[in-house]
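Just below is one structure, and these are the notes that go with it.
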Amino acid sequence: MGEEGQVKVLKDSIERRSRVMMVVPLLRVVALFATATATIVMALNKEAHTFVVATVGNTPVKLTLTAKFQHNPANVMFVIANGVATLHSLLMLSLCFVSNKYDLKGLRSVTVATLDMMMIALVSGATTATVFMGELARHGNSHARWNKICNNFERYCNQGSGAIAASYIGILFLMIVFVVNIFRREQLNTIRNSMCA
């Protein structure tokens, strides 16, 4: 390949890279908002109901039950994992705008890809555990004699479902960012190899 061909390949790759570089921060912003929404919605998830459990004479005996996200370890892990993913997205967004002069032999892109995969695994695991507990809350388990609670705490369950949906949207966009970064890294390696040949 002549010198003109190499220059054309280099210009084309720079143009493609700049387009991809604009897409990745936008995807990260969407992932940031989704994980932040999941964190806030679940952290504010609380509902209380007062039930009459007995009547002594003419006086009813009332019991107030409260459903909070803190009562379930899976929900606590969900809030922590989505909070960490939100902070991760903020950190990666700040790295998007720092120039490449701090990149030591491609170490930054490998580190970012590794951290992205760790966040996907963390949020996915926490969300799956919360979905399992939500299923028990909605339908119970007659074999273990666990009663469903969503018939009494409907708003609590619906708010939890919304947080789970937001978390899955965040996972989806984190996965898209990861795939785009992997393809971008592969394209850069192909360009470097063609320039060396």
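A few notes on this one:
- Radius of gyration (Cα atoms) of region 65-189, expressed as a multiple of 2.2 N^0.38 Å: 1.36.
- Derived scalar couplings ³J(HN,Hα) [region 78-93; Karplus, 6.51 cos²θ - 1.76 cosθ + 1.60; whole Hz; x for Gly, Pro]: 4, 5, 5, 5, 5, x, 5, 5, 5, 5, 4, 5, 4, 5, 5, 5
- Efficiency of FRET from Cβ geometry, Glu154 and Cys96, R₀ 30 Å, rounded to 0.05: 0.15
- For Lys46 and Ala121, the difference between the fully extended length at 0.36 nm per residue and the C-alpha to C-alpha distance is 24.3 nm.
- Each of the peptides 133-141, 25-33 was scored by the mean count of other Cβ atoms within 10 Å over its residues; in descending order, highest first, they stand as 25-33, 133-141.
- Under the simplified labelling scheme, the Arg145-Val53 pair shows an inter-label distance of 1.8 nm, with each label point 7 Å from Cα along Cα→Cβ.
- Vicinal HN-Hα couplings computed from phi for region 133-146 (Karplus, 6.51 cos²θ - 1.76 cosθ + 1.60; Hz; Gly/Pro x): 5, x, 5, 5, 5, 6, 10, x, 9, 5, 5, 8, 6, 9
- Peptides 34-40, 115-121, 86-92 ordered by packing proxy, namely the average of other Cβ atoms within 10 Å per residue, highest first: 34-40, 86-92, 115-121.
- Couplings 3J(HN,Hα) of region 165-172, computed from phi: 4, 5, 5, 5, 5, x, 4, 4 Hz, in residue order, whole Hz [Karplus 6.51 cos²θ - 1.76 cosθ + 1.60, θ = phi - 60°; x for Gly and Pro].
Every number here is computed from the coordinates shown, using simple stated rules; none is lab data. Predicted model only: the values in this text are computed from it and were never measured. Backbone-built Cβ (ideal geometry, glycine too); neighbour counts: all protein chains shown.
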